[in-house]
Amino acid sequence: MRKILNVDNLHVAYGKFKVLHELSFDVEESQVLGVIGPNGAGKTTLMNALSGLVIPYDGTVVFDGVNITKKSPDERCRHGIGRTYQVPRPFEGLTVFENVLVGAAYGVGKSERAVIAKAVEVLKSTSLYEKSDTVAGRLTLLDRKRLEIARALATEPKLLLLDEVAAGLTDAEVHEVMELVEYLKGTGITIIWIEHVIKTMAESTDKLLCLSTGTGLIYGDPDYVMASKEVEEVYLGVEEE
Amino acid sequence: MDAILQSIIQGLLLGGLYAAVGVGMSMIFGIVQITNLAHGDFLVLASFVSLSVMGAMGWNPFLSLIIVIPVMFVIGYIVQVTMLNKVLSRGAEPPLLVTFGFSIIIQNLLLYFFTANAQKLSTPLLLKSIAISANIRIPVMYLIACLVGVAVIIILGFYMRNTYQGKAIRATSDDNEAAQLMGVNIKRTYGIAMGISMMTAGVTGVMIGVLFNFYPSSGSTYLIIAFAVVVIGGIGSINGTLVAGFIFGLAQVVGGQILGATYQQLIGYIVLLIMLIVRPQGLFSK
């Protein structure tokens, strides 16, 4: 498989506070990489660094053969990186259809007819088509999560960054979102996925990366990562002798 | 009774123009979160651009809009992209100071090139009126200015709702970070928004130049009107601006008719003050 993303020696800081340091990993095309780690490990910062919302002070991010380390979020989007937020941030004053239309029009830059066709296709695949005319600010949390994914899909990403899509949902709703994630996996889009429900991640991902205090602790097949002592220590703490 | 009716008509007609005075400023407030202290000066700049075009080409004020509108768009786009965008990330004060600086620069440049003399964009329409009854007349130029003002707002609303660029501007106004993740280049979008705001200032500036005398220092008068309309209507609300324009125009003219012309300005600002106390977020706040 071709490597679509290469993160090399990434360092990110907010002022003097270093959040990520010496982080390196690769993602292969069509792979699903799960990123786990305790609170404060730097998972969301990693998403921000990959989507361009923060610029690393050292290290490189190469996506699809292009060094995107210093590129802006809109340039990365047009290059094929889509992203969802943990707490959905729809354009509340726009309808569901308009929300998706913005992504389809600006993320891909197609003709008008193709943009509308793309928006309709994405809304159908995310079960939002019936709510096309609803103002996004009036959606339930589950539908807002769907809209986050729909908007990102409308930009036709080669790499999709999913930030805790299941957070805050009931068990039944989590099941519905997971069905959507399974659909995404079937489309062949490469996915980097943060989630707190580790069991779900282990079952649904090709590789796992465990972060701890801003750096990669362990990376590999889910079974290997989940069985490792390092992950156990990070989540459960070290038992004192 | 006829005098009151006449002043209601006059107030409504003036209100349509006032709405157009404020709509560009409201838009920039809502989208770029900038208080454009030079909005009134840009409006007066448009009057002077029209005056120059009329002088050079021998056109009437309305025909001069063919030049004024694109010129104002280009000025707005360049100001936003080359200067305001560069200070946006540094908090609210630097953009405010930049626009204040523009206000001073525009006034002094106009003073240098056109002197402090009163100017007017002349058209024979200013003397024409439509008789409704023996004592009630509709001044044709006020009617045109009102219709143009309302048309500006309707076209702007249509553009925002029905074009991809308009949707991108609204999306950026809602959440500029999320808009970037959708591929929207927000700095360019801000530039286009400022360009559109200046286009509205261009159209309104020409109407004002026809109706009233203008000087290089007239901008502050229209800045205050724009502020009043934006505050009463609700920041960023295009429809609110229209309603606020009518309220402000009516308050000024009808109030002036009842209490005397000396109080005309004061009454308008008393309405603004009441609005700030009762509903500080404006009638149609986002």
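Note the per residue figure in Å³ for the convex hull of the C-alpha positions in the range B:1-112.
142 Å³
Mean residue ellipticity at 222 nm from the helices of chain B, using -39,500 (n - 2.57) per DSSP H segment of n ≥ 4 over the full residue count, to the nearest 500 deg cm²/dmol? Write down the numbers at each step before the final one.
On the way: 11 runs with 209 residues, N = 286.
Mean residue ellipticity at 222 nm (helix-derived): -25000 deg cm²/dmol.
Nearest 20 debye, what's the magnitude of the dipole of chain B about its Cα centre given +1 on Lys and Arg Cβ and -1 on Asp and Glu Cβ? Please list the in-between numbers first.
On the way: 12 positive and 6 negative charges, 57 e Å.
About 280 debye.
Against the longest principal axis of chain B, how steep is helix B:39-57, in degrees 0 to 90 to the nearest 10, with axes from Cα atoms?
With both axes taken from Cα atoms, the answer is about 70 degrees.
May I ask you to order A:41-54, B:253-266 by the average number of other C-beta atoms within 10 Å around their residues, highest value first? Write out the running numbers ahead of the final one.
On the way: A:41-54: 22.1, B:253-266: 15.3.
So the peptides A:41-54, B:253-266, ranked by packing, come out A:41-54, B:253-266.
Using only Cα atoms, figure out Rg for the protein assembly as shown and give it as a multiple of 2.2 N^0.38 Å.
Details: Rg = 28.3 Å, N = 527, 2.2 N^0.38 = 23.8 Å.
Cα-based Rg divided by the globular estimate yields 1.19.
With only Lys, Arg, Asp and Glu charged, each at its Cβ (+1 for the first two, -1 for the last two), find how big the charge dipole of the range A:110-241 is about the Cα centre; round to the nearest 20 debye.
1100 debye
Output wanted: per-residue J couplings in Hz (rounded whole) for the range A:209-215, from phi through Karplus 6.51 cos²θ - 1.76 cosθ + 1.60, θ = phi - 60°, x for Gly and Pro.
Taking θ as phi minus 60°, the curve returns 10, 9, 9, 8, 6, x, 9 Hz for the range A:209-215.
I need the per residue convex hull volume for the range B:80-157, using only the alpha carbons, in cubic angstrom as a whole number. Don't skip to the answer; put the middle values down first.
Numbers: hull volume 15.0 nm³, N = 78.
Taking the convex hull of the Cα positions in the range B:80-157, it is 193 Å³ per residue.
Amide H to amide H, which residues 5 or more places from A:Trp193 or on other chains are under 5 Å from it, using H placed in the peptide plane?
Placed amide hydrogens put A:Leu33, A:Gly34, A:Val35, A:Leu162 under 5 Å from A:Trp193.
How long is chain B along each principal axis, judged by its Cα atoms, biggest number first, in Å?
63, 48, 33
Could you state, as a whole-number percent, how many of the C-alpha pairs of chain A are farther apart than 22 Å?
On the way: 15338 of 28920 pairs.
Across chain A, Cα pairs with separations above 22 Å total 53 percent.
Of B:Phe227, B:Phe248, how do they rank once you tally other Cβ atoms within 10 Å and put the fewest first?
Least crowded to most crowded, the residues run B:Phe227, B:Phe248.
When you count, for each residue, the other Cβ atoms within 10 Å and take the mean per peptide, how do A:219-226, A:145-152, B:87-94, B:68-75 rank with the highest first?
Going from most to least packed, we get A:145-152, B:68-75, A:219-226, B:87-94.
Treat the count of other C-beta atoms within 10 Å as a stand-in for reagent exposure and order B:Trp59, A:Trp193 from fewest to most.
Working: B:Trp59 15, A:Trp193 26.
Ranked by crowding around the Cβ, least crowded first: B:Trp59, A:Trp193.
Just tell me how shielded A:152-164 is by partners: mean number of partner chain Cβ atoms within 10 Å of each residue's Cβ, no decimals.
On the way: counts 2, 0, 2, 3, 1, 0, 0, 0, 0, 1, 0, 0, 0.
Mean partner shielding for this stretch: 1.
Across peptide A:79-89, how many C-beta atoms of other chains are within 10 Å of each residue C-beta, on average? Walk me through the numbers on the way to the answer.
Working: counts 1, 0, 1, 3, 3, 2, 4, 0, 0, 1, 6.
Counting other chains' Cβ atoms within 10 Å and averaging over A:79-89 gives 2.
How big is the convex hull of the Cα atoms of the range A:87-156, per residue, in Å³?
Expressed per residue, the convex hull around the Cα atoms of the range A:87-156 is 71 Å³.
Mind scanning A:Lys16/A:Lys145; A:Lys3/A:Lys71; A:Lys158/A:Lys207; A:Lys118/A:Lys207 and naming the pairs with a C-alpha gap bigger than 23 Å?
Too far apart for the 23 Å limit: A:Lys16/A:Lys145; A:Lys118/A:Lys207.
With θ set to phi - 60°, apply the Karplus curve 6.51 cos²θ - 1.76 cosθ + 1.60 along the range B:104-112 and write out the HN-Hα couplings as whole Hz, x wherever there is a Gly or Pro.
After applying 6.51 cos²θ - 1.76 cosθ + 1.60, I find 5, 4, 4, 4, 6, 5, 5, 4, 5 Hz.
FYI, it's all coordinate maths here, none of it is from the lab. Here the structure is a predicted model, which means the values were calculated and not measured. Here Cβ is always computed from backbone atoms with ideal geometry, including for glycine, and neighbour counts include all displayed protein chains.
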